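Engineer: Supplied in structure tokens, the structure appears directly below.
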Amino acid sequence: MPIPANSKPINRFSMREEVYNTLLNWIMEGELRPGEKILDKDLAEKMGVSRTPVREALRRLEDKELVESSANRWTRVAEISIEEPEKIYPILWTMEELAVAQAIENLTETDFKKMEAINNSLDKALDDGDPVAASRADAQFHDVYIERSNNHFLISILQDLKIRYRRVEVTYFEGSACAKDSVAEHRLILEALRSGDLAGIQSMIRSNWQSSLSRLKSIEPKTNIDNLASIHPQS
């Protein structure tokens with residue numbers, strides 16, 4: 001089982017959360033690939049912790065359906081299927097439309113400039129062929145207006161859902177020849193935000209998600225493991 005070479009021993013402070021968040025990020029960003037078997041002993045040794053917090057983290061990840069196991073036989077990263085984004089994306093764009101409606105009075109030019117800078121980072125990540133950085137930037141762009149909704153219930157629900165879509169996005173930014181369209185769509189969202197046209201903003205957000213889903217579905221069929229292995233090849 002390959003483990004990222006740049007991983008560091010876990011600090012004892014908040015160990016359980018650190019172990020959980022580390023494994024979560026490895027799964028979301030393709031360090032641990034769909035279908036890959038996980039050995040808690042190897043993970044514990046690499047992180048410099050006992051097997052107990054690793055096992056606890058794996059149980060939490062299994063509750064989120066990011067990990068699956070067979071009792072006393074194996075534990076592995078859950079596979080990705082196109083049915084997953086088809087079910088999740090409509091929920092995301094509907095909830096983001098609600099978030100921006102609650103955020104619109106709170107957003108300022110400072111927020112817009114932040115979104116502009118993030119979108120430029122997305123553009124650069126795509127130029128550099130870095131799908132992980134692109135996925136991070138894409139999520140950060142949307143997070144600006146989600147967080148400005150000041151609705152912690154809505155923010156929490158969206159954060160939980162986005163855990164599931166992030167690893168799909170890595171595959172999308174790596175495999176779609178049209179991924180740059182997301183940058184242009186973000187610029188349209190920004191223009192609408194600056195104009196204060198709520199209906200236009202919501203329409204642009206929905207269009208961005210719908211177009212992303214269409215582009216994701218148009219990627220030439222290829223196993224998810226192969227897609228992610230090309231991003232993080234085994235050493």
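The values are calculated or read from the model by the stated rules, or taken from the named source; none is laboratory data. Bear in mind the structure is a predicted one, so any value in this text is a computation, not a measurement. So basically every Cβ, Gly included, is an ideal-geometry build from the backbone, and we count neighbours across all protein chains shown.
Engineer: Taking region 78-90, which residues are within 15 Å of the chain's Cα centre (by Cα) and closer than 12 Å to R206 by Cβ?
Structural biologist: Residue satisfying the conditions is Y89 alone.
Engineer: I've got another one for you. Any idea how many residues of region 41-55 are touching a residue at least 24 places away in the same chain (Cβ under 8 Å) and buried (at least 17 other Cβ atoms within 10 Å of the Cβ)?
Structural biologist: Within region 41-55, residues that are touching a residue at least 24 places away in the same chain (Cβ under 8 Å) and buried (at least 17 other Cβ atoms within 10 Å of the Cβ) number 6.
Engineer: R167 - would you say it is touching a residue at least 60 places away in the same chain (Cβ under 8 Å) and farther than 27 Å from E65 by Cβ? First the steps, then the outcome.
Structural biologist: Numbers: touching a residue at least 60 places away in the same chain (Cβ under 8 Å): yes; farther than 27 Å from E65 by Cβ: no.
When the stated conditions are applied, R167 does not pass them.
Engineer: Name the single residue, out of those in region 158-184 being closer than 17 Å to K124 by Cα and of a type in the set (A, V, I, L, M), that is surrounded by the fewest Cβ atoms within 10 Å (Cβ to Cβ).
Structural biologist: Result: A177.
Engineer: With the structure loaded, tell me whether S149 is modelled with pLDDT of 90 or more, over 20 Å from S211 (Cα atoms), among the small types (G, A, S) and in a helix (DSSP H, G or I) or whether it fails that test.
Structural biologist: It is false that S149 is modelled with pLDDT of 90 or more, over 20 Å from S211 (Cα atoms), among the small types (G, A, S) and in a helix (DSSP H, G or I).
Engineer: Pick out the one residue from A125, A179, A133 that is part of a loop (DSSP other than H, G, I, E, B), hydrophobic (A, V, I, L, M, F, W, C) and within 17 Å of the chain's Cα centre (by Cα).
Structural biologist: A179
Engineer: If you scan region 49-68, which residues turn out to be touching a strand residue (DSSP E or B) at 6+ places or on another chain (Cβ under 8 Å) and within 13 Å of D160 (Cα to Cα)?
Structural biologist: L61, L66
Engineer: Is it the case that some residue within region 102-113 is under 29 Å from E79 (Cα atoms), surrounded by 17 or more Cβ atoms within 10 Å (Cβ to Cβ) and in contact with a helix residue (DSSP H, G or I) (Cβ under 9 Å, 6 or more places away or on another chain)?
Structural biologist: Among the residues of region 102-113, not one is under 29 Å from E79 (Cα atoms), surrounded by 17 or more Cβ atoms within 10 Å (Cβ to Cβ) and in contact with a helix residue (DSSP H, G or I) (Cβ under 9 Å, 6 or more places away or on another chain), which makes the answer no.
Engineer: Let me ask something else. Which pairs have Cβ atoms under 7 Å, sit 6 or more apart or on different chains, and link a residue in region 120-133 that is assigned by TED's automatic domain parsing to the domain that holds D181 to one that is assigned to a loop (DSSP other than H, G, I, E, B)?
Structural biologist: L126/A179; L126/K180; V132/E29; V132/G30
Engineer: What residue, of S218, S195, S211, is within 18 Å of the chain's Cα centre (by Cα) and in the same structural domain as E105 (by TED's automatic domain parsing)?
Structural biologist: S211
Engineer: Would region 150-157 turn up any residue that is surrounded by 19 or more Cβ atoms within 10 Å (Cβ to Cβ) and out of contact with any Asp or Glu (no Cβ under 6 Å at 6 or more places or on another chain)? So that I can check it myself, show each step before the final result.
Structural biologist: First, pick out the residues of region 150-157 that are surrounded by 19 or more Cβ atoms within 10 Å (Cβ to Cβ): none.
Looking for residues that are surrounded by 19 or more Cβ atoms within 10 Å (Cβ to Cβ) and out of contact with any Asp or Glu (no Cβ under 6 Å at 6 or more places or on another chain), one finds none in region 150-157, hence no.
Engineer: Quick one: in region 16-40, which of the residues that are in contact with a helix residue (DSSP H, G or I) (Cβ under 6 Å, 6 or more places away or on another chain) and over 18 Å from R166 (Cβ atoms) is surrounded by the most Cβ atoms within 10 Å (Cβ to Cβ)?
Structural biologist: V19
Engineer: Continuing with this model, one more query. Need the failing condition index for R59 against (1) exposed (fewer than 15 other Cβ atoms within 10 Å of the Cβ); (2) more than 26 Å from A137 (Cβ to Cβ); (3) in contact (Cβ under 8 Å) with a residue 12 or more places away in the chain, just the number.
Structural biologist: (3)
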